[in-house]
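Everything on this sheet refers to the single structure shown next.
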Amino acid sequence: MRTPGVVIIGGGQAAATTAITLRRLGYGEPITLLAQESALPYQRPPLSKGFITGQTTSVTLFESEVYAAQGITVRVGVTATGVDPVLHTVTTSAGDSLSYAALVFATGSQNRTLPWARADLAGVHSLRTRDEAEELGRVLQPSRRIVVVGGGFVGLEIASAAAGAGCDVTVVEVAEHLLGRVLSSPLAEVVAARHRARGTRILTGTRVQALIGDAHVTAVVTDRGTLAADAVVIGAGALARDGLAAKAGLATDNGILVDEYLRAPGHEDIYAVGDCARFPDPRTRLGLRLESVQNACDQGANVARAISGSPAPYQDLAWFWSDQGDLKIQVAGLRLPEDDVRHFADGSGRHAAYAIRGGNLVAVETLDWPAEHLAARRVLSSAESIPASAIQSSTLSALLRARRSA
Amino acid sequence: MTTITFILPDGSTRSIAAVPGVSLMKAATSNLVPGIVAECGGNASCATCHVYLVTSDPDLICPDGSVEDEMLDFTAAPRRTESRLSCQVEVTEHLDGMVIEVPAAQV
């Protein structure tokens with residue numbers, strides 16, 4: 001006789017969504033979150049956007065009364081220390097052991113550590129938790145010299161917040177283009193120009209070699225010269241937190257390997273969702289690990305449905321967004337480096353890039369163009385069909401608007 | 001507290017007490033009102049918090065030419081005059097007693 005109930009290892013948005021969706025679907029057995037951080041689950045996307053600028057103050061997803069009313073136990077500050085897939089038990093840092101009928105890994109990701117990043121120096125920041133965001137927000141004071149290492153979404157969001165606060169900002173990126181992983185080069189160039197126009201220095205093709213300082217960082221040494229710095233922010237990507245799963249004997253490869261049901265192969269009662277999961281994506285036919293709130297929420301909901309008795313392959317459309325100053329970047333679908341890209345600018349500052357693979361539209365990136373992004377999501381999720389050839393002469397939003405008013 | 005009643009897609013109703021100052025989306029999601037997804041968390045990025053306000057108050061109609069206006073053209077459920085993205089509507093005492101319809105689809 002197995003003990004009923006779900007144990008969710010993690011306390012982020014994937015974990016909270018899994019738990020809340022289970023209750024919404026009528027799941028009646030115990031649900032326990034092992035949340036690790038000392039706070040109730042909160043939204044992470046605003047941390048590098050409105051939260052560090054002070055525009056957004058509340059990021060908590062649900063207050064404690066909601067979990068209490070739903071019969072969801074959230075154990076903050078408690079981590080899982082071991083998983084036994086044979087006995088179906090989890091041991092915790094509080095010293096107890098929990099049995100489960102279904103186990104969900106929602107352990108998230110952790111910032112990549114870089115060989116030159118000296119932990120002994122004050123003034124060196126990274127951003128993952130709300131506490132780190134609060135600390136960074138206090139550092140962004142007028143005329144401070146801030147060096148941001150990493151020209152991806154998070155690095156550029158921090159650079160925007162710093163520039164907005166009146167800091168003297170330099171972004172150092174090792175690749176030849178900003179946003180290389182997430183945006184096609186025509187749009188990445190537009191983004192870089194917008195940052196430069198705000199007075200931010202963008203140094204691409206530049207590698208950090210060392211940090212200088214006694215107790216507090218004073219400069220960043222790169223292969224193209226030394227930059228004086230009052231603070232350094234490292235936004236250089238993340239790795240899956242999959243160590244506990246690996247220790248339990250699950251297959252991992254920078255991510256817990258799962259099947260199309262987000263289930264660990266060979267373990268019908270163990271799932272992984274969100275940043276920590278490497279899953280088979282039906283569109284690219286690749287094993288992917290995505291760090292986005294869409295992926296966290298949709299995978300959490302998918303697993304909640306599976307545990308509630310309605311399993312279905314995960315095939316939601318991936319989408320992302322980034323707010324950088326007054327610039328809104330939105331991406332629907334996943335572009336691969338080999339895809340053809342068609343860039344379109346409407347002449348009023350709006351841009352779109354359409355990625356075509358095998359004659360099919362597979363991803364759309366937009367700048368300051370929410371309508372085109374949403375139209376793209378309708379088309380790419382197959383809610384509405386537009387042939388890729390049609391965008392040679394029109395935009396998706398114009399085509400869908402014409403269809404709706406017809 | 002402001003009392004707001006949601007009519008859910010299945011025809012049932014759900015009343016909540018909302019704190020003035022938060023967004024209508026936040027009030028709905030923190031009270032677990034079904035059918036309001038709000039994936040982006042209130043950044044006017046995803047259009048998954050679409051609702052219909054049952055009101056004739058012109059101040060509560062979506063402003064023409066706004067980002068919200070543009071996004072409402074592409075919601076999963078059809079746009080109506082009284083369509084709003086609930087993340088862009090602030091809860092005020094003005095909304096007390098209001099009835100809000102939740103569409104059948106958000107994504």
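Summed over the residues of the range A:56-177 and divided among them, the accessible surface reaches 43 Å² per residue at a probe radius of 1.4 Å. Distance from the alpha carbon centroid of the range A:42-112 to that of the range A:264-319 works out to 17 angstrom. Counting, for every residue in A:40-48, the Cβ atoms of other protein chains within 10 Å of its Cβ and taking the mean gives 2.
Our summary gives chain A a relative contact order of 14 percent, counting only alpha carbon pairs under 8 angstrom and 6 or more residues apart. Across the alpha-carbon atoms of the range A:88-182, the computed radius of gyration and Dmax are 18.3, 55 angstrom. Cysteine residues of chain B whose Cβ has no partner cysteine Cβ closer than 4.7 Å: B:CYS49, B:CYS62, B:CYS87. Among A:GLY349, A:GLY164, A:GLY274, the residue with the largest mean-square fluctuation in a Gaussian network model of chain A, with springs joining Cα atoms closer than 10 Å, is A:GLY349. Chain A packed on chain B takes about 2100 Å² of accessible surface away from a 1.4 Å probe, both sides summed. Surface composition of the range A:1-102: carbon and sulfur atoms hold 52% of the protein heavy-atom accessible area at a 1.4 Å probe. Annotation: amide H of A:GLN324 within the under-5 Å range of A:ILE329, sequence separation 5 or more or interchain, hydrogens built in the peptide plane. Restricted to Cα atoms, the range A:127-250 shows a radius of gyration and a Dmax of 15.7, 51 angstrom. The residues neighbouring B:SER30, those whose beta-carbon lies less than 11 Å from its own, together hold a net charge of -1 under the Lys/Arg +1, Asp/Glu -1 convention.
Of the DSSP H helices in chain A, not one has a Cα length along its own long axis of 30 Å or more together with a mean Kyte-Doolittle hydropathy reaching -1.0.
Taking θ as phi - 60° and the Karplus parameters 6.51, -1.76 and 1.60, the scalar couplings of the range A:48-63 work out to 8, 10, x, 5, 6, 8, x, 5, 9, 10, 9, 10, 4, 6, 9, 6 Hz in sequence order, x denoting glycine and proline. One decimal place: the segment A:THR73-A:GLN209 gains 44.4 nm when fully extended, by the rule 0.36 nm per residue minus the C-alpha distance. Which FRET efficiency, nearest 0.05, do A:ASN360 and A:SER405 yield, Cβ-Cβ r, R0 22 Å? Approximately 0.25, to the nearest 0.05. Of A:GLY123, A:GLY213, A:GLY12, the residue with the greatest mean-square motion in the GNM of chain A, using alpha carbon springs below 10 Å, is A:GLY213. The share of C-alpha pairs in the range A:18-128 whose separation exceeds 22 Å stands at 49 percent. Projecting each Cα onto the charge dipole of chain A (Lys/Arg +1, Asp/Glu -1 at the beta carbon, about the Cα centre), which of A:SER394, A:PHE51, A:GLY82 comes out farthest on the positive side? Farthest towards the positive pole: A:SER394. Within the listed set B:ASP59, B:ASP96, B:ASP69, the residue fluctuating most in the Gaussian network model of chain B (springs between alpha-carbon atoms under 10 angstrom) is B:ASP59.
Within the straight-line cut-off of under 29 Å between alpha carbons, the lysines reachable from B:LYS26 are A:LYS49, A:LYS328, sequence neighbours fewer than 8 places apart in one chain being disregarded. Rolling a 1.4 Å probe over the heavy atoms of the protein chains gives the range A:313-406 an accessible area of 41 Å² per residue.
Projected over all directions and averaged, the alpha-carbon convex hull of the protein assembly as shown occupies 24.9 nm². Of the residues making up the range B:10-38, those losing 10 Å² or more of accessible area when the isolated chain is joined by the remaining protein chains, with a 1.4 Å probe, are B:LYS26, B:THR29, B:SER30, B:LEU32, B:PRO34. Treating r as the C-beta distance of A:SER38 and A:GLU135 and R0 as 22 Å, the FRET efficiency rounds to 0.90.
Solvent-accessible surface of protein heavy atoms, probed at 1.4 angstrom with all chains present, puts B:ASP64, B:ASP10, A:ASP84 in the order B:ASP64, B:ASP10, A:ASP84, largest first.
Contact order for the range A:234-333, expressed relative to its length and based on alpha carbon pairs under 8 Å spaced 6+ residues apart, stands at 18 percent.
The values are calculated or read from the model by the stated rules, or taken from the named source; none is laboratory data. As the structure is a computational prediction, the values presented were derived from the model and not from experiment. We place every Cβ from the backbone using ideal geometry, glycine too, and count neighbours over all the protein chains shown. Just so you know, the surface numbers come from the protein's heavy atoms only, side chains and all, with ligands and any DNA or RNA stripped out. Shrake-Rupley method; radii C 1.70, N 1.55, O 1.52, S 1.80 Å.
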